[in-house]
Amino acid sequence: MATSDSPLDRVLPLFDHTHDTATTALVVGVATLLAVVASWVVADFGVRFPAFAVTAIGAAYWLYRLETRREIVAGGLYMLAALIALTPVAMELHVLTVTGMEGVGSPAQHVLAISDLLLTLLFWVVAAVPAVAAYLLQNGDAVRARLGR
């Protein structure tokens with residue numbers, strides 16, 4: 001017997017509306033892409049499958065709740081930008097966890113190296129591309145109005 005505050009009642013409103021087949025396929029495709037990227041980001045930690053599963057289910061749940069295909073694509077691009085931006089952080093965390101290994105020196109010396117800072121900056125610049133695309137996709141009319149078009 002479910003009450004109005006039960007967890008089941010909080011999950012079931014997700015299915016109050018349904019999307020057409022193409023939109024559902026878009027959600028599954030975007031969620032799968034995000035899960036592949038997330039599993040790649042954490043591959044050094046040995047948790048590829050759990051990262052894939054959690055990201056696929058979480059992203060699909062969140063994206064399916066959105067109303068239009070435009071919102072779904074923009075949300076997926078925002079998530080992709082976040083994953084790309086967090087990639088160098090995950091790489092540095094792995095280096096910090098293996099500092100006792102042979103050939104790995106001081107973690108501060110490695111993390112603060114100019115090459116690592118440039119690599120982080122490069123990832124952030126690459127992450128800005130899907131973020132800007134998502135922003136323009138969501139706010140294209142407002143941007144065109146500001147530009148006078």
Fill in: Label-to-label distance, nm, for residues given as Val36 and Val132 (7 Å Cα→Cβ offset)
2.5 nm
Worksheet item: Can you give the FRET efficiency for Leu121 and Leu96, using 1/(1 + (r/R0)^6), R0 = 22 Å, r = Cβ-Cβ distance, to the nearest 0.05?
Response: 0.70
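The numbers here are math on the coordinates, done by the rules we state, and not lab data. Keep in mind that what you see is a predicted model, and the values were worked out from it rather than measured. Note that each Cβ is placed from the backbone with ideal geometry, even for glycine, and that neighbours are counted across all protein chains shown.
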